[in-house]
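There's a structure below that I have some questions on.
The values are calculated or read from the model by the stated rules, or taken from the named source; none is laboratory data. As the structure is a prediction and not an experimental result, all values here were calculated from the model. Note that each Cβ is placed from the backbone with ideal geometry, even for glycine, and that neighbours are counted across all protein chains shown. Accessible surface areas use protein heavy atoms only, side chains included; no ligands, DNA or RNA. Shrake-Rupley method; radii C 1.70, N 1.55, O 1.52, S 1.80 Å.
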Amino acid sequence: MSRIAILCQSSGRGGRWHVRRLPYLVRNLTSSGHEVVLLGFERQRARGPGLTNLTGRLWPDEILDQVAACDLAVCVDEQCYPAARAQIPLLGLFFDHMHLDLVPAGHEALTAIYPSPDGDLASIAPSFVAEQAPARLHDEVSSRRIIRPRVGMRPVRGRLWSIIVLAHDLLPEQCESTRRCLEAIRANTSVSYEIVVVDRGSRAATTSVLKSGDVRPVFLRGPGGTAEAICAGASAAAGDVLVLLHNDHYVREGWEEPYLGALEDGAALVGAEARCIGLEGVLRAHSDGPRTFPAFGGAAVARAALRDVGGFRPTAMPESAALADTCWRLQEFGYSVAALEEVAIDHIGGLTRPRGRPPVPLLADEPTEIASSDALRRLLVRWPDRLADGGGGSGRLAAMNREAVLEAGKRWWLPWPDAAKAFIAAREDPMTGDAGRVGRPQATTFFRPDRPPAEVVVISAGAFSDTGGAQRPAQLARAFSKAPGDVLHVSHHDASGMVGDVIVSGSDDFLRLLVPNLREGSGAAIFGFADLAWLADELGPNWITVFDLFDDWEAFAEAGHLPGFDRSAYVRAISGADLVTCSARTLVEIAKEHGAERTALVRNAGPDRPFGESPRPAGFLEGDITVIFVGSLWGTWLDWEAFEQLADDLREYDGAINVVGGPGRRELQRHPNIRWHGVLPYYQAMAHAAASDVGLVPFGEGAITEAVDPIKYYDYTAARCRTVATSAMTELRGRKYCHLGEPGELID
């Protein structure tokens, strides 16, 4: 009888699959005569013959020991780490392409089951998972097996081709080369096509060419590399086939015919020349074999297959390394790749980088140097067999791969503390992502009872991911996290975990698991509402209490926005705090009037780097002047008359307003030059701002707005928008890139 471990310690999306499908999976496995061991940090109410339920009872090391004693592990995404560490056969259900990041390349005993590209794990039946277990368990499958419905690729003849040209023209001859490249495409292309030119800071001669004619220009701001340019071009393209060219590639008549033949024969990626990357970091020509991939110039890929494997991954790789990763991902998921012997494309060479700049090696030879580059290390982690040269470096590379992946597995493993004996937190960064995976976990930190988990506690009434003014507590937590010491953000809206370097805790976990240990230490407890002061007091006398006053709450209450507001408790919280921090000068005066012992002006802030340019968001309304408003739309502080007047005035200038937030006034929802996008996640909201010219702060007169240092001003500035605000926004007077005007004269 075989012993099968089912890991279900994550409360993330994989954990939800287990909770909903767990009884059916257990029943299918035990009815086939297998012994099932259920492992995880959250207690599961599963029982039955053949089942040993150990959920909610074991420490992490004890879970690893149990997995190592099993014959097979069944798990979802990051839950596969214990099986990979124990090197037992693994049957995994994965989102995206996670087996590449979480299971070492040398772990052959892997069956990875993926949903269809447009589906989710709910489409995978427990009975199907149970059917795959015997084959993996009894070595009926001799190597790694990927089970995923492939997308059907459309016939390419008669479809639109997107020819993506990269330009970085700093010299006159480079500008001339771009012009010749575009002329050759127009003269010698017989298929239906569009030209997408991705420009990275070229001279005015190239820019003027791109802004006229049949070219779709994509202008990249900042110093992004070629891989980032490829990704931007692919995102902007509309064709079913994407062709990649530098601006010194010139197509000849009939150039597309070999591509048509290879693509219609089923190839997902077609290239003109084969390349390989050696351990010493040199890009070489290579005839064939699993280590090869197409050269950049003249590479063509079917858009459907590219989307199926996650698209291009712009992670600061050189373009050849990014194409290698794309090629090998396609092959891993069952797509074929073809190398053409001859193509009718001339390559001049030497015009794609500024004069005198030497080529940069793709890979470093020393392990310490490899580890310093996350992008190049990813190639080593995912594809050690594709980079090894058959010499003495192969063993070292395989060892590095296993060590790196298992270290990553520790970071991805996500136990949660509901019924556990430890507080385990998972790191995640919502501001960066990989092919749309915003907020994926990055690391774990294990806090035992003898280690106080925080030196700064920020107690918030909002979620850590909130936008608008509610970002303030999270901003403070992020700022403190850059200094030594642990930082904890507490909110009843959040589950316990980690975001970046900030520990995030729910209120219950904070009181039950953390406060008893925190009382033994010392630090600062920061709260933004008077009714949260009691949570700070729970930490005891060793802790400094800070009331962070970032809005005039009395004015909010008078406007009817804070039902149940207790003014006496509000005054006591101000006068009893060791420090009152204020986001605006008016609030400093209010704090002093209410008896604050010490005050400090701590303004809001925004991203520390500008947002990069991205393709226009879906449904974005563009005009000759494009205005953006991001924020709440329900309060009495909005000057709706000024907002409507500006919308009317903008029509004379072919201007438009995009609004990211809740619904506004009903009479404005059908205004011809206002587009309402609803509430969006922060990174999507900022994509709308980055596509705009002007950010709007249309607040009216009143005590509320006098005390507001609007966070949207900082977001607009990071999005390279100038800000236009009503004259009531006295806190914005004198700020850079900010223009104040009377409510009816904002158009000026």
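What is the number of the single condition among (1) at pLDDT 85 or above; (2) touching a Cys at 6+ places or on another chain (Cβ under 9 Å); (3) polar (S, T, N, Q) that T206 does not meet?
With respect to (1) at pLDDT 85 or above; (2) touching a Cys at 6+ places or on another chain (Cβ under 9 Å); (3) polar (S, T, N, Q), T206 is out only on (1).
If you don't mind, there's one more thing I want to ask. Restricting attention to segment 493-542, and to residues there that are assigned to a loop (DSSP other than H, G, I, E, B) and among the aliphatic types (A, V, I, L, M), which single residue is surrounded by the fewest Cβ atoms within 10 Å (Cβ to Cβ)?
The residue in question is A495.
When you scan segment 272-328 for strands (runs of 3 or more DSSP E) that lie fully inside it, which ones turn up with 1 or more residues that are over 23 Å from the mean Cα position of the chain (by Cα) and at pLDDT below 75?
Numbers: elements: 274-277, 283-285, 299-302.
Where strands (runs of 3 or more DSSP E) fall fully within segment 272-328 and carry at least 1 residues being over 23 Å from the mean Cα position of the chain (by Cα) and at pLDDT below 75, they are 274-277, 283-285.
Then there is this: All but one of (1) open to solvent by less than 50 Å² (accessible area, probe 1.4 Å); (2) under 22 Å from P473 (Cα atoms) hold for L601; which doesn't?
(1)
Do we find a residue being in a loop (DSSP other than H, G, I, E, B), open to solvent by 20 Å² or more (accessible area, probe 1.4 Å), of a type in the set (S, T, Y) and within 23 Å of L242 (Cβ to Cβ) anywhere in segment 193-201? Working first, answer last.
Applying the first criterion (in a loop (DSSP other than H, G, I, E, B)) to segment 193-201 yields 200-201.
Applying the additional criterion that residues be open to solvent by 20 Å² or more (accessible area, probe 1.4 Å) yields 200-201.
From what's left, of a type in the set (S, T, Y): none.
Taking every residue of segment 193-201 in turn, none turns out to be in a loop (DSSP other than H, G, I, E, B), open to solvent by 20 Å² or more (accessible area, probe 1.4 Å), of a type in the set (S, T, Y) and within 23 Å of L242 (Cβ to Cβ).
Consider segment 125-163. How many of its residues are aliphatic (A, V, I, L, M), touching a strand residue (DSSP E or B) at 6+ places or on another chain (Cβ under 7 Å) and within 30 Å of I6 (Cα to Cα)?
6
Regarding segment 632-643, can at least one residue be identified that is in contact with a Ser or Thr (Cβ under 8 Å, 6 or more places away or on another chain) and either surrounded by fewer than 19 Cβ atoms within 10 Å (Cβ to Cβ) or not aliphatic (A, V, I, L, M) (or both)?
Step one: of segment 632-643, the residues in contact with a Ser or Thr (Cβ under 8 Å, 6 or more places away or on another chain) are 637, 639, 642.
Within this subset, residues satisfying the condition of being either surrounded by fewer than 19 Cβ atoms within 10 Å (Cβ to Cβ) or not aliphatic (A, V, I, L, M) (or both) are 637, 639.
Yes - at least one qualifying residue is present in segment 632-643.
Only residues that are open to solvent by less than 10 Å² (accessible area, probe 1.4 Å) and of a type in the set (G, A, S): list them for segment 78-126, please.
Selection gives A83, A84, G92, A112.
Can you tell me which residue among L64, L72, L58 is touching a Pro at 6+ places or on another chain (Cβ under 6 Å), open to solvent by 10 Å² or more (accessible area, probe 1.4 Å) and under 30 Å from R402 (Cα atoms)?
Criteria check complete, one pass: L64.
Among the residues of segment 665-687, is any within 26 Å of W553 (Cα to Cα) and either touching a helix residue (DSSP H, G or I) at 6+ places or on another chain (Cβ under 6 Å) or modelled with pLDDT of 85 or more (or both)?
Among the residues of segment 665-687, at least one is within 26 Å of W553 (Cα to Cα) and either touching a helix residue (DSSP H, G or I) at 6+ places or on another chain (Cβ under 6 Å) or modelled with pLDDT of 85 or more (or both), which makes the answer yes.
Report yes if some residue within segment 247-258 is aliphatic (A, V, I, L, M) and open to solvent by 20 Å² or more (accessible area, probe 1.4 Å); otherwise report no. Steps first, please.
Within segment 247-258, the first condition is being aliphatic (A, V, I, L, M), and the residues that meet it are 251.
Imposing the further condition that a residue be open to solvent by 20 Å² or more (accessible area, probe 1.4 Å) reduces the set to none.
No - not one qualifying residue is present in segment 247-258.
Among the candidates D693, D648, which residue alone is more than 25 Å from the chain's Cα centre (by Cα), more than 27 Å from T586 (Cβ to Cβ) and modelled with pLDDT of 90 or more? Steps first, answer last, please.
Values: D693 fails: more than 25 Å from the chain's Cα centre (by Cα).
Testing whether each residue is more than 25 Å from the chain's Cα centre (by Cα), more than 27 Å from T586 (Cβ to Cβ) and modelled with pLDDT of 90 or more leaves just D648.
What is the one condition in (1) open to solvent by 30 Å² or more (accessible area, probe 1.4 Å); (2) touching a Gly at 6+ places or on another chain (Cβ under 7 Å); (3) of a type outside the set (K, R); (4) modelled with pLDDT of 85 or more that E131 does not satisfy?
If we test E131 against (1) open to solvent by 30 Å² or more (accessible area, probe 1.4 Å); (2) touching a Gly at 6+ places or on another chain (Cβ under 7 Å); (3) of a type outside the set (K, R); (4) modelled with pLDDT of 85 or more, just (2) comes out false.
Here is a follow-up. Can you pull out the residues in segment 55-111 that are more than 18 Å from H34 (Cβ to Cβ) and of a type in the set (D, E, K, R)?
R57, D61, E62, D65, D77, E78, R85, D96, D101, E108, listed by residue number.
Consider A533 against the criteria (1) within 28 Å of G635 (Cα to Cα); (2) modelled with pLDDT under 90; (3) of a type in the set (G, A, S): it satisfies all of them except one. Which criterion is unmet?
Of everything listed in (1) within 28 Å of G635 (Cα to Cα); (2) modelled with pLDDT under 90; (3) of a type in the set (G, A, S), A533 misses just condition (2).
When you look at T723, is it among the polar types (S, T, N, Q), surrounded by 21 or more Cβ atoms within 10 Å (Cβ to Cβ) and outside any helix (DSSP H, G or I), yes or no?
Spelling it out, T723 is indeed among the polar types (S, T, N, Q), surrounded by 21 or more Cβ atoms within 10 Å (Cβ to Cβ) and outside any helix (DSSP H, G or I).
Could you tell me whether segment 146-153 includes any residue that is open to solvent by less than 40 Å² (accessible area, probe 1.4 Å), within 20 Å of A83 (Cα to Cα) and under 29 Å from the mean Cα position of the chain (by Cα)?
Checked segment 146-153: at least one residue is open to solvent by less than 40 Å² (accessible area, probe 1.4 Å), within 20 Å of A83 (Cα to Cα) and under 29 Å from the mean Cα position of the chain (by Cα).
Working only within segment 731-743, note down all residues that are open to solvent by 50 Å² or more (accessible area, probe 1.4 Å) and either of a type in the set (D, E, K, R) or in a helix (DSSP H, G or I) (or both).
Here is the first cut: in segment 731-743, the residues open to solvent by 50 Å² or more (accessible area, probe 1.4 Å) are 733-734, 736-737, 739-740, 742.
Within segment 731-743, R733, K736, E742 qualify.
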